[in-house]
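Have a look at the structure below, then the notes.
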Amino acid sequence: MKEQLYKLLTSKRLVVSDYLIKVAILNNLSLNEFLVLAYFDNSFNNTFEVELVSNTLGLDLNVTMEAFNSLMIKGLVSLESVKDIENRLNEVVVLDGVYSSVIDNTISETKEEVKEDIFKIFERELGRTISSMELELINGWLISGTPEELILGALREAVYNGVNNFRYIDKIIYEWEKKGFKTMDDVNSYVRNRREAKNSDKVISKKEQDILDFDWLDA
């Protein structure tokens, strides 16, 4: 087996992409499963010819089929019937499951990066390290779907008003979500309309003042 793998790798017949390695790790693929997946990732037509796959990889026919079936069960590959130019049906291997796995993992990693960034912003704005309970509260806002923009807007309003506790921030977020705000533009617009209705003769010079001087807990 080792000699076969060495010959395969040194022959340069297969190019192993970085994303394929990630998929293998995420899905706990066996060596045979990984080789079969790499074969089809390198194939141009992806026609399912098990004997050709076996010969190329130097694997037993049954071992190749077992690895391929396992990849299908894991949802990484599938078989589809397509017609060739002569209108004959052929079975081809589709790697949509692989690509979905890569996309999902990329999105997950991006979300984690966003969470790390927002935690750092909280610590910078508050001038201290946030506690594990506060971290969980921020995480809870994100998981519940509260836009990061609103969370940071509530944070900065709290800091501006000298109320640096999470209960105040949570109440602000609650009031904003109750009013259906999705962005800070929604917040600005609401405050501006309320101010104009009550003080049509006054001019507010700073945009941020509209937000930061507003009493949301008594709005």
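The values are calculated or read from the model by the stated rules, or taken from the named source; none is laboratory data. Nothing here was measured: the structure is a model prediction, and the numbers come from that model. Please note: Cβ atoms are built from the backbone with ideal geometry, for glycine as well, and neighbour counts cover all protein chains shown. Protein only, heavy atoms only, side chains kept; ligands, DNA and RNA dropped before computing areas. Shrake-Rupley method; radii C 1.70, N 1.55, O 1.52, S 1.80 Å.
Listing for the model above:
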quantity: Probe 1.4 Å, all protein chains present, accessible-area order of Glu136, Glu123, Glu149, largest first; calculated: Glu136, Glu149, Glu123
quantity: Label point distance in nm, Asp60-Tyr174, each placed 7 Å from Cα along Cα→Cβ; calculated: 6.6
quantity: Reciprocal of mean inverse Cα separation for segment 137-191 (Kirkwood radius, Å); calculated: 11.2
quantity: Percent of Cα-Cα distances greater than 23 Å, calculated over segment 10-96; calculated: 20
quantity: Evaluated over segment 42-86, the Cα radius of gyration and Dmax, each in Å; calculated: 11.7, 33
quantity: Solvent-accessible surface (1.4 angstrom probe) belonging to Tyr160, in square angstrom, nearest 10; calculated: 120
quantity: Simple spin-label estimate for Ile103 and Ser81 in nanometres, 7 Å along Cα-Cβ; calculated: 2.7
quantity: Förster-model FRET efficiency, 30 Å R0, Ile143 and Arg88, C-beta, rounded to 0.05; calculated: 0.05
quantity: Ranked packing of 85-97, 58-70, most packed first, by mean Cβ within 10 Å; calculated: 58-70, 85-97
